[in-house]
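Below: the structure, in structure tokens.
The values are calculated or read from the model by the stated rules, or taken from the named source; none is laboratory data. In this text the structure is predicted, and so the values were computed from the model without any measurement. Note that we place each Cβ from the backbone using ideal geometry, even for glycine, and neighbour counts take in every protein chain shown.
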Amino acid sequence: MKEQVTLSIDLGSSAFKLILFSSSRGQLHCSETPFETKYSGDKVEHKATEIWEKLQNQLSLLLDQLDSKDLPKYLSISTQRESVVAWDKATLEPLSPIISWQDRRTDDYISSLDREILQSIRSKTGLWISSYCSAPKFRYLIKEIIPDLTTDWLWGTLDCWLIYLLSKGKYYVTDYVSASRTALLNLRDLKWDKDLCSFFGLPMEKFPSFCENDQEIGSIQLFGKYHLVLKGVVGDQQGALYATYRLRKEKEKLPISLVYGTGAFLLQLLPSNKSFEKIYSSLPENSPLSISLAWVLKNQPSYALELGISNSGKALEWILNLLKIKPKDLDNLLDPKNVKWESLPYSVPTLSSKFLLSSPESYLASISNLGYETKERELILSFLESMSYSVRVSTELLSFDKNKNYIVVGGGLSKNNFFLELQSSCLDCPLTIYQTEHLSGLGSAFLTFSESIKILNLEHRLISPKKEHLVSLNKRFLGWKAKLEQCQIT
């Protein structure tokens, strides 16, 4: 089978990655470029110009240094999903900042919606509407920014924005996965919902058309000399899920992808014969689980159940900064042989006031059970422990079954062996980790490879539970859950 090379843009919450992947030689290149995130109260934003300028620069540097045999045929994209931006239709210049998925300026508006409205939105979109979704962000743009504009504008999630800019305005499309996270896509017919657009006060004619996740969108030219085909556009968490699906060994089991980033996200792929109606009717009325599109391939949708956890990488970054510890020094602090779990503090690092992103409840953050013997190491351990327990709560809500599912981990924390052993022990199940943690970018690249192309097997390993820790961790888990309940304020 002829080799195929794809360049993947993976646009995350604090950095973007460029990943060059060959179907026969594996990962050929990976680079990461950070960008600024501005936090101010409930406001969380990125500068669109900064990201676009840095992306162009890094694309040019990479393509110019490649040998002819490594030049990609396809350009694929995975992005943070719910973030939105408005831009000038003609000049392509941004007309707003990128409003991050983390932005909570619309919390008061969401709180004003009654239960009947929330249920109605969920029955169509699979989502509990929250400030995390794109729809209230679009509503914010239409009320606060767009009325002052004097030029013709477009808007979209970041996949749509990147496609438009990379194609110099040739293609105005969004992938189905990103659309499914807006709370505007009706999952019963896979169309923008007219009533929901009207409810949020959004002009339906301004929304882009759809592309399937393995669809060839069209050709583009970069820097006047590189010709590529845009294909394989997907939201980052579904990208990770698709990577695990294509790499799976146990065909009779369905994967759960667990990606640690700013937040932690779990996606459980559902059997392909399950329709949205069947999935929706099977969930308890108040279940915090979201129903999302996993992907749409050849006009066939697949679905996933999803949970997002707020207290992950961002919370760990906070405690490390507070203690003036660099992430690279973390391993030196963590010696699993000398951990006395029973003497650790309990941490509930819900610093954003949220626990599960899809639930309306708010929480105070807390650190309790401190003593004179509590040192930096114990505080950090308690944060890592809290992250692993949060994932355990999520797997219980997903009805995780070791006989039917397996868990693949990715993201920044998947590089920390101590944490992975802790997570595996908390769940009492093995975790699969591949030689690269960049599953989101690989997933979008894999979407450019047809099912007939055999992808080079990536090396992987299993992280197994430490049986000697199970009793202590189970006892600690019950104590931590009690602390979490005490921190709930609404």
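Residues Pro208, Pro147: which one is within 27 Å of Glu50 (Cα to Cα), of a type outside the set (D, E, K, R) and modelled with pLDDT under 95?
Pro147
Only one residue in Ser272, Ser290, Ser312, Ser358 is exposed (fewer than 14 other Cβ atoms within 10 Å of the Cβ), closer than 30 Å to Phe446 by Cβ and not basic (Lys, Arg), so which one is that?
After applying the criteria, what remains is Ser272.
For the stretch 148-171, which positions are among the charged types (D, E, K, R) and buried (at least 23 other Cβ atoms within 10 Å of the Cβ)?
Asp159
So is Ile163 of a type in the set (A, V, I, L, M, F, W, C) and outside any helix (DSSP H, G or I) or not?
No.
Residues being of a type in the set (Ser, Thr, Tyr) and either more than 20 Å from Ile217 (Cα to Cα) or out of contact with any strand residue (DSSP E or B) (no Cβ under 8 Å at 6 or more places or on another chain) (or both): count how many of those fall in the stretch 164-206.
Counting residues in the stretch 164-206 that are of a type in the set (Ser, Thr, Tyr) and either more than 20 Å from Ile217 (Cα to Cα) or out of contact with any strand residue (DSSP E or B) (no Cβ under 8 Å at 6 or more places or on another chain) (or both) gives 2.
Looking at the structure I just gave you, is Leu351 without any contact (Cβ under 8 Å) to a residue 60 or more places away in the chain and either farther than 30 Å from Gln215 by Cβ or touching a His at 6+ places or on another chain (Cβ under 8 Å) (or both)?
Judged against the criteria, Leu351 is a match.
Output the number of residues of the stretch 227-255 satisfying the condition of being over 21 Å from Leu18 (Cβ atoms), in contact with a Phe, Trp or Tyr (Cβ under 7 Å, 6 or more places away or on another chain) and crowded, with 24+ Cβ neighbours inside 10 Å.
1
Search the stretch 408-427 for residues being more than 25 Å from Gly479 (Cα to Cα) and among the hydrophobic types (A, V, I, L, M, F, W, C), and hand back the single one that is nearest to the chain's Cα centre (by Cα).
Out of the qualifying residues, it is Val409.
With Ala445, Ala482 as the choices, which residue is surrounded by 13 or more Cβ atoms within 10 Å (Cβ to Cβ), of a type in the set (Gly, Ala, Ser) and farther than 23 Å from Glu317 by Cβ?
Among Ala445, Ala482, only Ala445 is surrounded by 13 or more Cβ atoms within 10 Å (Cβ to Cβ), of a type in the set (Gly, Ala, Ser) and farther than 23 Å from Glu317 by Cβ.
Just name the residue that is surrounded by the fewest Cβ atoms within 10 Å (Cβ to Cβ) out of those in the stretch 10-31 that are of a type in the set (Ser, Thr, Tyr) and in a strand (DSSP E or B).
Ser31
Across the stretch 89-121, which residue is surrounded by the most Cβ atoms within 10 Å (Cβ to Cβ) among those that are basic (Lys, Arg) and either out of contact with any helix residue (DSSP H, G or I) (no Cβ under 9 Å at 6 or more places or on another chain) or more than 15 Å from Phe200 (Cβ to Cβ) (or both)?
Among those residues, the one meeting the criterion is Arg104.
Collect the residues in the stretch 264-312 that are part of a loop (DSSP other than H, G, I, E, B) and aliphatic (A, V, I, L, M), keeping them in residue-number order.
Once the filter is applied, which keeps residues that are part of a loop (DSSP other than H, G, I, E, B) and aliphatic (A, V, I, L, M), the stretch 264-312 yields Leu270, Leu283, Leu289.
Is there any pair linking a residue in the stretch 464-490 that is in a helix (DSSP H, G or I) to one that is among the small types (Gly, Ala, Ser), with Cβ under 7 Å and at least six apart or on different chains, and which?
His469/Ser425; Leu470/Ser425; Leu473/Ser425; Trp480/Ser386; Lys483/Ser366; Lys483/Ser368; Cys487/Ser366
Determine, yes or no, whether Ser310 is polar (S, T, N, Q) and more than 23 Å from Ser14 (Cβ to Cβ).
Judged against the criteria, Ser310 is not a match.
Residues that are touching a residue at least 60 places away in the same chain (Cβ under 8 Å), at least 2 per element: which strands (runs of 3 or more DSSP E) completely within the stretch 32-151 meet that?
In the stretch 32-151, 43-46, 74-79, 84-88 are the strands (runs of 3 or more DSSP E) which contain 2 or more residues that are touching a residue at least 60 places away in the same chain (Cβ under 8 Å).
Condition first: out of contact with any strand residue (DSSP E or B) (no Cβ under 8 Å at 6 or more places or on another chain), surrounded by fewer than 20 Cβ atoms within 10 Å (Cβ to Cβ) and either under 26 Å from Asn332 (Cβ atoms) or free of Cβ contacts under 8 Å to residues at least 40 places away in the same chain (or both). Now tell me which residues in the stretch 407-442 satisfy that.
Lys415, Asn416, Phe418
Return yes when Tyr372 is aromatic (Phe, Trp, Tyr), loosely packed, with under 13 Cβ neighbours inside 10 Å and either more than 25 Å from Gln238 (Cα to Cα) or under 25 Å from the mean Cα position of the chain (by Cα) (or both) and no when it is not.
Answer is yes for this residue.
Taking the stretch 315-331 as the search range and keeping residues that are under 24 Å from the mean Cα position of the chain (by Cα) and without any contact (Cβ under 8 Å) to a residue 60 or more places away in the chain, which one is surrounded by the fewest Cβ atoms within 10 Å (Cβ to Cβ)?
Applying the filter and picking the extreme gives Lys328.
Can you tell me how many residues in the stretch 32-63 are in contact with a strand residue (DSSP E or B) (Cβ under 9 Å, 6 or more places away or on another chain) and either crowded, with 17+ Cβ neighbours inside 10 Å or charged (D, E, K, R) (or both)?
Adding up the residues that qualify gives 18.
Cβ contacts < 6 Å: first residue more than 20 Å from Leu158 (Cα to Cα), restricted to the stretch 16-31; second residue of a type in the set (Val, Ile, Thr) and modelled with pLDDT of 90 or more, any location; separation 6+ or different chain. Result?
Partner pairs satisfying both residue conditions: Phe21/Thr6; Ser22/Val5; Cys30/Ile19.
Failed condition for Asp189, given (1) surrounded by fewer than 23 Cβ atoms within 10 Å (Cβ to Cβ); (2) under 24 Å from Arg122 (Cβ atoms); (3) in contact with a Lys or Arg (Cβ under 9 Å, 6 or more places away or on another chain), with all others met?
All conditions pass for Asp189, except number (3).
Which residue, of Glu250, Glu285, is more than 22 Å from the chain's Cα centre (by Cα), closer than 21 Å to Glu361 by Cα and either at pLDDT below 90 or of a type in the set (D, E, K, R) (or both)?
Glu285
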